[in-house]
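Coordinate-derived values only; no laboratory data. Keep in mind that what you see is a predicted model, and the values were worked out from it rather than measured. Backbone-built Cβ (ideal geometry, glycine too); neighbour counts: all protein chains shown.
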Amino acid sequence: MLISRTPLRISIGGGGTDLPSYYQRFGGFFISAAIDKHIFVAINKTFRDDYFLKYSALERANTIDEIEHPIIREALRLHEIGPAVEIVSLADIPAGTGLGSSGSFTVGLLNALYAYRLESPEKSELAEQACHIEMNLLGRPVGKQDQYIAAFGGLSCFEIDVDGRVSAKRLAMEPEALDDLEDHLLMFFTGYSRSSGEMLEDQRTRSSRDDPAMLDNLHFIKDLGLRIKDTLEGGDIHGFGELMHEHWLHKRKRSKGMSNPASTAGMKPAERTAPSAEN
């Protein structure tokens, strides 16, 4: 049995500029951090002449084309193995919690398929293939952030050229500053989950139509990501916290589904600038 372990992520800055509707015209920049929560994908040879898939559902399929799970189906079309194979997916967290689980799963599945064939791809190759599956083959309104941070890991920044090429490098933070950052970042599961597809589709549509409010927001978010990079590399953790708050306020303006009434509790009236999911 082969098992791949792929990290989930939190977005540090620049999120949203990784969609082609934006970076193909203006270039993108984002910072992400891999966390110690993971997606696990196991591949095992079986004695039945079919594909046995276990995720949130169970599937048995005689051919690749019969597989209902879209990512598994397209990944197996690119890297055909089996039949007589079992693929199992497990996760440390539920889906729909905003930690890039779909991109992490795709990267982890591809990594496991390569290992099954005794091949070892480059990180950029894994990330690009995962992007190709989700963005091109399945037509999902997603960007490149989740796949690239899942493949590269760490606390990393990524720059996307207008032609889609991505350059990645680790954030140049001093060890003491990095420890301080880790000590002051807390994450909680609120009990809510949601699909980001509708919000990302809205962003893609409005960006393609030159919606000035959407483009101005994304320009600001990209600039803010660059400011966050300078702040973290300068060791100013308190300043980073202030920029993260600013980032959240502008992110909420991008879509009415970005937050719900619980997320605005305790905020000043002037900060409640984006409509809630209930409106």
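Rg and Dmax of the stretch 30-175, based on Cα coordinates, read 15.7, 53 Å. Legend: calculated FRET efficiency, F220 to H79, from the Cβ-Cβ distance at R0 = 45 Å, rounded to 0.05, equals 0.65.
For the stretch 1-84, the Kirkwood estimate of hydrodynamic radius, built from reciprocal distances between every pair of different alpha carbons, is 15.7 Å.
In the chain, helices alone account for a calculated mean residue ellipticity at 222 nm of -12500 deg cm²/dmol, with every DSSP H run of four or more residues adding -39,500 (n - 2.57).
For the stretch 174-242, what class follows from the C-alpha gyration tensor (a ≥ b ≥ c being the square roots of its eigenvalues): rounded when a/c is under 1.5, otherwise prolate if a/b is larger than b/c, else oblate? The shape class here is oblate.
Counting only residues at least eight positions apart within a chain, or on another chain, the lysines with an alpha carbon under 17 Å from that of K45 are K54.
I need to check one value: relative contact order of the chain, counting alpha carbon pairs closer than 8 Å and at least 6 residues apart, in percent. Show your work: numbers first, answer last.
Working: 481 pairs, mean separation 63.8, N = 279.
Relative contact order, the chain: 23 percent.
Peptide packing: for 14-25, 66-77, 83-94, the average count of neighbouring Cβ atoms within 10 Å per residue gives the ranking 14-25, 66-77, 83-94, highest mean first.
Considering only Cα-Cα distances, which of the following residue pairs are longer than 19 Å: K123/K229; K222/K253; K169/K222? Let's see the in-between values first.
Numbers: K123/K229 22 Å; K222/K253 15 Å; K169/K222 17 Å.
Cα-Cα > 19 Å for K123/K229; rest within.
Applying 1/(1 + (r/R0)^6) with R0 = 41 Å to the Cβ-Cβ distance of S208 and F47, what FRET efficiency is obtained, to the nearest 0.05? It comes out at approximately 0.25. Modelled label positions at E233 and E119, each set 7 Å beyond Cα in the direction of Cβ, lie 3.5 nm from each other. Summary of the geometry: the stretch 17-59 and the stretch 154-172, compared by the centres of their Cα atoms, lie 19 Å apart. Peptides 31-38, 203-210, ordered by how many other C-beta atoms sit within 10 Å of their residues on average, highest first, read 31-38, 203-210.
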